[in-house]
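The values are calculated or read from the model by the stated rules, or taken from the named source; none is laboratory data. Since the model is a prediction, treat every value here as computed from it, not as a measurement. Here the Cβ positions follow ideal geometry from the backbone for every residue, glycine too, while neighbour counts run over all protein chains shown.
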Amino acid sequence: MAVVEEKPREEQLPTRKKKIAATGSDAAAYAVRDADVDVVAVYPITPQAPIAENIAQMIADGELDAELIHVESEHSAMSAAVAAAATGARSFTATSSQGLELMHEILYIASGLRQPVVMALATRALSAPINIWNDYADAMGMRDTGWIMIFSENVQEVYDNLVQAFRIAEHPDVLLPVVVTLDGYILSHTTEALEPLDREEVLSFAPKRPRGYRPVLDPDHPVTIGVLGAPNWYQEIKVQQALAMRESRRVIEEAGKEFGKRYGREYGFIEPYYMDDAEVAIVTLGATSSLVKAAVNRLREQGVKAGMVKIRVFRPFPAEELAKVLENVNALGVLDRAVSFGGALEGPLAMEVLSTLAVRGVMKPFINFIHGLGGRDIFVKDVVEMYQKLLEAAKSGKSVTRTLFYGVRSRKGHVI
Amino acid sequence: MALTKPIKSLWEIPREERFVGGHAACQGCGAALILRHLMKVVGKDAIVVNATGCMEVISTLFPRTAWRNPWLHLAFENAGAAASGVEAALKALQRKGVLDKNRYIKVVAIAGDGGTFDIGLQSLSGMLERGHDVMYVVYDNEAYMNTGIQRSGATPYGAWTTTTPVGKKFRGEWRPKKDIVGIAYAHRIPYIATANPAYPIDMINKFIKAYNTRGPSLVHVLAPCTPGWRIPESKSIEVAKLAVQTGMWVLLEIENGKPKVTVKVRKRRPVREYLKMQGRFRHLKDEDIKKIQEMVDKYVEEINRWVGEEAIGPVEEK
Ligand SMILES: Cc1ncc(C[n+]2csc(CCOP(=O)(O)OP(=O)(O)O)c2C)c(N)n1
Ligand code: SF4
Ligand SMILES: [Mg+2]
């Protein structure tokens, strides 16, 4: 199991690299440049647009030798990206929210045809009402599409995750598309310190494999891609896909470890924060984790044994890792930034976490929190309050069966 | 090897089959015949991108395939985008030295009328407008055949389909066929043609020209469909031929914006002869047929004006 230990990162660095100031969108474009992507098919949407613009500028400046397809929609963006991958190109796209929804049909086709497309998703709420700010509704909507899904917490992770994504997607034991998220605005438009790698480094870490290592559209070796699968074969093909997703765990783990060895930043499926002795813990995703970490810090100062688990790889879901790290807590919460309307629990992440534990016989007092929809600010004090609720649950030994919406402007109070 | 020069006789059609038999098309399927000839023209160095529809379904039931060329199918409405992706990838890989720069590989998109006129129109428009080097062939059987003969934007006036049924209030399709050639023309692409399998030399020569165009080209081919048009298996070519002879289908070619009729019809047959052969028009009354005749007369007049000569003559009653 690859779990990132909380150590000051500078100490681990084998060589100090130059840091630059970059937004998440810059970082995504740098990763595309450094991975020498061949085909980019993008359609602009807020807050993904700067990624597309940066890539266009890099191509215009001759820094990246790629074909940029100015597609007329995201449906076509994904279609062209899949087709380019099927032709043997390293192919990339990026989107957000409504754009991802328009791609939806082709998301399944990308994974069903085992095409290693890499996508950056600047997470954003879904209409209606139309809203351009951050939450994870778009990402959660693609959880069953067969994509490997990696969430980033900061700008550096956007870059590192994308570099790893090319290696994972194109690995012959995987051959699945990979999406890397960056929280809309919170990461896509926020400047942080970024330490990019040399291009040669990236291409040695995520090498372009020789043509023909996987079947591609090639007149000398004609293959039929996109067949009709009748009931006598469809199931076998889909089970193979499920097995490839399972197999990808090993490749993802190796990639995260080797990245650490080479560049001093090791990545695992999850990142536990103060979990060694945590009595109460919250599980969350993406840049929201930084906020939860701040709440943990505050509680720790007060002597409360709070912890947090950030899920980095959401697909394949890190069930074993999660069950192990949560084994000893007295109460557990999940902070969702998306709603599964009418669901058994209304937070999609909560349903995943709970079934992970239940099937392993790990039962904890549990609360599902939903906050931060459509860019609603989550304050550290809100998260502290969630931990207090968890402390009560730990004491009483009882779960809160109803999902709690936090930070709501309502006459009944801010928790619904 | 792809054909580069126009052919003059049927004997010049390559013997080699690249869209091979054993597929599941109906007997007398016009579309399958079109594809067979198309593939003979384009030869080995072509990558085919196929939209969902009859031709995709009948040719690739796993684990068999009728295609001896590299072939890709993604979905119904995205042949244009998928072809763009293949073409862009070839370009990038050739430029970067992964693929041989000196070997010309053509991208050929194939889609039905539904996948072109209706749900795939946006994707096609994007492909044409961006100038991708793709040869796009639309086989037009004038309805969504794969899903059971529902009307499309290409269904002609008066035709019965399962969604334009014949009843007491409505009697078949009540809107005229969409003008896909006009739409392609508005994109100012270098080559557009209409073709018909009853005129194989004309059709093949148009495929050759489209293949040898650098940039987007579109060939719109009439594809008789035996169950959809309610015609006997042995009659598809006869019906297709009448479509040209009645002026319902004009064999056109628009090279760099200049239109031309490639098969002139000095004396037209009345549309009645075309309509009467097909079960989908069986319900039409005399006044309906008269109306269709008037629509075709008007269309022929427009074409003649466009090409600047009387390429299609008046109707000659027997
Ligand atoms: C998004 C989507 N909508 C609907 C369908 C169902 N569908 C499959 S083929 C088809 C009709 C195809 O018609 P056309 O393009 O004319 O080709 P034909 O079957 O006539 O050869 C339809 C409606 C689909 N596959 N995908
Ligand atoms: S339904 Fe029509 S188009 Fe489809 S295979 Fe049969 S004849 Fe051909
Ligand atoms: Mg059709």
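Summary of values
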quantity	calculated
Residue match in the stretch B:135-154 (condition: away from ligand 2 (no atom under 12 Å from the Cβ), within 12 Å of chain A (Cβ to nearest Cβ) and crowded, with 24+ Cβ neighbours inside 10 Å)	no
Matching residues in the stretch A:66-109 - criterion: being in a helix (DSSP H, G or I) and more than 9 Å from chain B (Cβ to nearest Cβ)	A:Glu74, A:Ser97, A:Gln98, A:Gly99, A:Leu100, A:Glu101, A:Leu102, A:Met103, A:His104, A:Leu107, A:Tyr108
Residues of the stretch B:18-40 classified as within 12 Å of ligand 2 (Cβ to nearest atom), in contact with a Leu (Cβ under 8 Å, 6 or more places away or on another chain) and within 12 Å of chain A (Cβ to nearest Cβ), total	1
Filter result (within 13 Å of another protein chain (Cβ to nearest Cβ) and either over 21 Å from B:Gly131 (Cα atoms) or touching a Leu at 6+ places or on another chain (Cβ under 6 Å) (or both)) within the stretch A:56-65	A:Ile59, A:Gly62, A:Leu64
Test: residue in the stretch B:202-222 that is within 15 Å of ligand 2 (Cβ to nearest atom), buried (at least 22 other Cβ atoms within 10 Å of the Cβ) and either hydrophobic (A, V, I, L, M, F, W, C) or within 14 Å of another protein chain (Cβ to nearest Cβ) (or both)	yes
Hits in the stretch A:223-249 - residues which are part of a loop (DSSP other than H, G, I, E, B) and not small (Gly, Ala, Ser)	A:Val223, A:Val227, A:Pro231, A:Asn232, A:Trp233
Residue that is surrounded by fewer than 24 Cβ atoms within 10 Å (Cβ to Cβ), within 7 Å of chain A (Cβ to nearest Cβ) and at pLDDT 95 or above, where the choices are B:Ile105, B:Ile119	B:Ile105
Filter result for A:Thr288 (touching a Leu at 6+ places or on another chain (Cβ under 9 Å) and within 14 Å of chain B (Cβ to nearest Cβ))	no
Cβ pairs under 8 Å, 6+ apart, first in the stretch A:37-53 and without any contact (Cβ under 8 Å) to a residue 24 or more places away in the chain and under 20 Å from A:Asn131 (Cβ atoms), second surrounded by fewer than 24 Cβ atoms within 10 Å (Cβ to Cβ) and among the charged types (D, E, K, R)	A:Pro44/A:Glu53
Spans of strands (runs of 3 or more DSSP E) in the stretch A:131-201 with at least 3 residues touching a residue at least 40 places away in the same chain (Cβ under 8 Å) and crowded, with 24+ Cβ neighbours inside 10 Å	A:148-151, A:178-183
Set B:Asp100, B:Asp133: member being without any contact (Cβ under 8 Å) to a residue 40 or more places away in the chain and away from ligand 3 (no atom under 16 Å from the Cβ)	B:Asp100
Residue in the stretch B:70-80 that is part of a loop (DSSP other than H, G, I, E, B), closer than 30 Å to A:Lys208 by Cα, of a type in the set (S, T, N, Q) and away from ligand 1 (no atom under 16 Å from the Cβ) present	no
Any hit, the stretch B:244-264, residues being within 16 Å of ligand 2 (Cβ to nearest atom), farther than 17 Å from B:Lys177 by Cα and touching a residue at least 24 places away in the same chain (Cβ under 8 Å)	no
Residue match in the stretch B:41-49 (condition: within 16 Å of ligand 3 (Cβ to nearest atom), at the interface with chain A (Cβ under 7 Å from one of its Cβ atoms), under 21 Å from the mean Cα position of the chain (by Cα) and assigned to a strand (DSSP E or B))	no
Strands (runs of 3 or more DSSP E) contained in the stretch A:310-416 and holding at least 2 residues of a type in the set (Gly, Ala, Ser) and crowded, with 19+ Cβ neighbours inside 10 Å	A:331-336
Extreme residue, nearest to the other protein chains (Cβ to nearest Cβ), among residues of the stretch A:26-55 that are assigned to a loop (DSSP other than H, G, I, E, B) and within 20 Å of A:Lys208 (Cα to Cα)	A:Asp38
Some residue of the stretch B:70-89 being surrounded by fewer than 23 Cβ atoms within 10 Å (Cβ to Cβ) and at the interface with another protein chain (Cβ under 7 Å from one of its Cβ atoms)	no
